[in-house]
Each structure stands twice: as structure tokens, then as C-alpha cells.
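This report concerns only the one structure given below.
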Amino acid sequence: MAKQKIVIKVPMASDKSRSKAMALVAAAGGVDSVAIAGAGKDQVVVVGEGVDSIKLTSDLRKKMGDAQLVEVGEDKKKEEKKPDPVADYTQYYYHYPPPPPPVGVVYDSYSRPGSTCSIM
């Protein structure tokens, strides 16, 4: 089944009502993406497979008020082909500089005259 694009006009005056409408639509089964469109940001665009546009519109009417089904059609976006993982095999080499040479510690055991212990 091909993806379908559904456009529903819903009166949404505030950001709160827009998020409520988007949450209601996103909860429906088969929905892949939801977007707000239109000049007055009063249209909900739904893309998905097997989405019931009539049920979606009636649910929006119940929760949001007046909702009108504007358009139902096939989604015209081209599906991007994923490149073959075998053909797109790229190997990266990183060249790190060599580590610095170790710093030697020299203990001066002759710092105190008459001292026989080299630790103290």
C-alpha cells in the first residue's frame, strides 16, 4: 500500500490547540508524520499508510471543533533509495602523532652530606 497524504483544515488559534491537534493525529494508527501547514497555520498534514481519513476528521471534530477534510491523495515525495552497504564501503585511516618520550626522573642521593639512605 502506498503512503497517502491527508490535509485537514482545523481552526487552531493558539500553540496549545496546535499541539493538541498534532498529538491527537499522531496517536492514530499508521501515521508516519504530522505537520502544520497553511497561511494561517490552520491545516494539519498527515502522511502515513492505512490511515482512516474519515475517522481522523471525526476525531478532530469531537476534540477541536469544526474540522474539514480538504485533500486525500498519494504522497508524492520520492522514497530515497538507501545505498548498498557493500558498495559504499569506505575505510578511514587516522594518523596520530607518536607519543612524547618518557620523562626521566633523576634522584640525587648526594643532596645531604652524610646521608646513607637514598629515599630520604
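If you sort I54, I8, I36 by accessible surface, 1.4 Å probe, largest first, the order is I54, I36, I8.
Taking each of K41/K77; K3/K55; K5/K62; K3/K77 in turn, the alpha-carbon distance tops 19 angstrom for K41/K77; K5/K62. The alpha carbon gyration tensor of segment 4-62 gives principal lengths a ≥ b ≥ c with a/c of 1.5 or higher and a/b greater than b/c, which makes the shape prolate.
The values are calculated or read from the model by the stated rules, or taken from the named source; none is laboratory data. These figures come from a predicted structure and were not determined experimentally. Side chains are part of the model used for accessible areas, which takes the heavy atoms of the whole protein and leaves out ligands, DNA and RNA. Shrake-Rupley method; radii C 1.70, N 1.55, O 1.52, S 1.80 Å.
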